[in-house]
1. Looking at the stretch 356-381, I want the residues that are within 24 Å of Glu336 (Cβ to Cβ) and have a partner that is aromatic (Phe, Trp, Tyr) and part of a loop (DSSP other than H, G, I, E, B) with Cβ atoms under 8 Å, at least 6 apart or on another chain. Which pairs are those?
2. How many residues does the stretch 322-342 hold that are in a helix (DSSP H, G or I) and in contact with a strand residue (DSSP E or B) (Cβ under 6 Å, 6 or more places away or on another chain)?
3. Identify, from the list Ile419, Ile387, Ile423, the residue that is of a type in the set (A, V, I, L, M), open to solvent by less than 10 Å² (accessible area, probe 1.4 Å) and under 28 Å from the mean Cα position of the chain (by Cα).
4. Among the residues of the stretch 443-473, how many are open to solvent by 50 Å² or more (accessible area, probe 1.4 Å) and part of a helix (DSSP H, G or I)?
5. Can you spot a residue in the stretch 310-329 that is closer than 22 Å to Val268 by Cα and of a type in the set (A, V, I, L, M)?
6. When you go through Gly334, Gly326, Gly341, Gly362 one by one, which is the residue that is surrounded by fewer than 16 Cβ atoms within 10 Å (Cβ to Cβ) and over 24 Å from Val418 (Cα atoms)?
7. Looking only at residues that are touching a helix residue (DSSP H, G or I) at 6+ places or on another chain (Cβ under 9 Å) and assigned to a loop (DSSP other than H, G, I, E, B) in the stretch 41-51, which one is farthest from Leu8 (Cα to Cα)?
8. Determine which member of the set Ile505, Ile547 is of a type in the set (A, V, I, L, M, F, W, C), open to solvent by less than 80 Å² (accessible area, probe 1.4 Å), modelled with pLDDT of 70 or more and within 30 Å of Arg475 (Cα to Cα).
Amino acid sequence: MFMRNQYLREIKEQNSWAYIAVDHNNKIIDYNNKAASYFPNIKYEELLFDILPQFQLKWLSDKVNKRIIRTHSEDRLMLEFISKDTQCKKMLFNDIFEFKNVSNLWCEIGQTPINLQPFIECYDDAVLITNGKGIIRAFNNKFIQLSGLNEDIINKSIYSLEEEGAIPHCAIVDVIESRESHNSLIKFSNGIEAIITSTPLYDKNKNLIRITSTIRNVTKINGLYQRLSSEKCQNKREFFSKVKLREAIDKLNLGTYKSERMREVFNVIENILGYNLPLLITGESGTGKTTMAKCIYFGRLKSEGEFIHVNCSAIPESLMESELFGYEKGSFTGAEKLKKGLFEAAENGVILLDEIGEMQLGLQAKILNVIQEKKFYRVGGTKPVEINAQVIAATNQDLKKLVEKGLFRKDLYFRLNVIPLNIPPLRDRKEDIPLLIEQVLKEMNAKYNTRKSIDTKAMGILVAYDWPGNIREVRNLVERMILLSKYDLITVNDLQADITHHVKINSIDEIKQEYAGDENSILQLEDGKTLKNMITELENKIIDRAIEKYGSVKKASMALGIDESTITRKRRKNEILKREYS
């Protein structure tokens with residue numbers, strides 16, 4: 001008893017714990033300064049429940065002597081009963097987060113206090129725990145070893161540590177702002193790179209009360225690269241390039257292809273993603289040059305900046321320089337304040353110079369200087385502005401011919417054409433057309449809340465069509481069919497007349513080329529051979545030619561706009577005729 005009283009006297013004097021004593025009516029009869037700091041409204045003879053509404057009467061009689069209680073969603077107190085005598089009940093309170101020794105940090109399951117440290121020390125990864133406002137509440141030794149920080153970061157704000165440069169901007173801040181889980185790649189002041197995964201925890205009222213973050217040293221995942229030998233990932237750069245490119249392709253719906261030409265295009269993109277090189281994308285109008293530039297942007301390992309699209313043919317020549325490079329205040333009439341240009345807007349990102357073949361020669365020289373020197377001057381400026389942006393140029397013109405005509409600078413052409421990227425037209429990759437049409441059809445059905453599909457004959461004509469407008473024309477045509485077709489099944493009757501006419505003309509031209517100089521061979525009159533027999537023979541020659549060209553009955557039927565069963569039936573009939581006239 002003497003030792004307990006001595007212990008209580010020390011607590012009351014040193015204020016290491018908040019001390020409160022209540023009588024048999026639960027009225028406060030004693031407390032210390034620490035208690036007054038926790039409960040500003042505390043008074044003698046006041047009921048304990050008035051200053052601590054969360055306190056429950058049953059706690060005074062049960063066998064539990066330690067528990068966690070809350071004053072609101074953030075503050076938690078450790079409650080320890082020293083005495084539960086009928087006449088005088090004595091209790092101690094302390095903020096569970098005031099312990100400076102990391103090994104004494106606590107959390108709670110329900111109202112039961114749980115020492116947090118043994119749990120997080122079991123993790124293989126570094127662990128950092130903050131409250132809902134970003135105040136550090138716990139961490140394990142692996143975090144100290146990984147980050148190089150000291151234990152005195154306990155109870156410090158993640159925001160203040162970021163300002164001090166001790167911890168970089170990371171996923172914890174993103175979780176507080178978005179209230180969703182986040183991942184981020186960070187680099188500590190000791191030079192170690194790590195991946196941090198932060199997950200929020202909410203109370204029953206959906207208040208953000210805790211954020212648990214696991215931090216993994218990037219070097220530990222080197223073993224993963226070795227296990228990906230089937231993907232031929234030779235290093236980290238190649239691994240992340242593959243991952244980022246796949247994410248970009250999915251984001252932009254570019255995965256609808258199976259042609260070798262498009263595989264070659266994406267192979268080139270994969271090889272250049274890790275390098276900040278100038279690029280030249282060529283291709284006919286509507287092939288998707290802008291979308292491919294966006295794919296490169298989204299697939300970059302570091303894409304902190306913006307994607308800036310500049311249509312060189314849409315901006316007047318007199319305004320082009322000031323739009324691209326900005327201008328200084330007072331540089332010309334109306335320049336009332338400094339304006340940053342589009343190159344500065346693309347800092348750490350990508351700037352696409354679309355239709356660069358339309359750019360004037362004088363401005364081409366300045367573009368060349370930006371690419372080579374990584375700096376430029378604003379209009380009216382005397383100080384160079386440094387820039388770090390990837391320059392991508394796109395055109396549907398033959399720049400080499402423009403160079404020969406003196407309409408495009410040779411030095412800029414060679415600087416841009418380091419790694420040419422040509423997007424093939426749809427007529428050169430017909431195997432991609434059905435996939436593309438189905439994808440656009442799915443998008444338009446979702447857009448207009450319809451359930452339309454295209455029958456085999458109509459699809460065959462669409463595949464045989466040359467698509468001079470390429471992907472842009474596909475989107476426009478499919479949307480038109482969705483809106484104008486009366487029924488859910490789109491047939492040949494729903495196609496535009498110019499498309500069906502174009503396909504028929506091409507088919508006749510192919511037949512003429514196939515049998516040029518040998519017309520009589522298919523028109524020879526033989527005894528007993530009727531006009532119907534001759535037409536059947538001609539049909540089968542066309543069918544055989546189509547199968548030879550497209551490689552299968554299915555593809556041939558699509559190209560000719562007929563069913564597979566029709567081809568099979570006609571070929572069987574032709575075999576019978578051959579036996580009759582042999």
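1. So the pair list comes out as Val379/Phe332; Gly380/Phe332.
2. Step one: of the stretch 322-342, the residues in a helix (DSSP H, G or I) are 322-325, 342.
Of the ones still in play, those that are also in contact with a strand residue (DSSP E or B) (Cβ under 6 Å, 6 or more places away or on another chain) are 322, 325, 342.
Count: 3.
3. Working: Ile419 fails: open to solvent by less than 10 Å² (accessible area, probe 1.4 Å); Ile387 fails: open to solvent by less than 10 Å² (accessible area, probe 1.4 Å).
Just a single option satisfies the conditions, and that option is Ile423.
4. 7
5. no
6. Gly334
7. Checked the stretch 41-51; the qualifying residue farthest from Leu8 (Cα to Cα) is Asn41.
8. From the options Ile505, Ile547, the qualifying one is Ile547.
The values are calculated or read from the model by the stated rules, or taken from the named source; none is laboratory data. Because the structure is predicted, anything quoted here is derived from the model rather than measured. In this analysis, Cβ positions are derived from the backbone assuming ideal geometry, glycine residues included, and neighbour counts consider all displayed protein chains. Heads up: the accessible areas ignore ligands, DNA and RNA and are worked out on the full protein's heavy atoms, side chains in. Shrake-Rupley method; radii C 1.70, N 1.55, O 1.52, S 1.80 Å.
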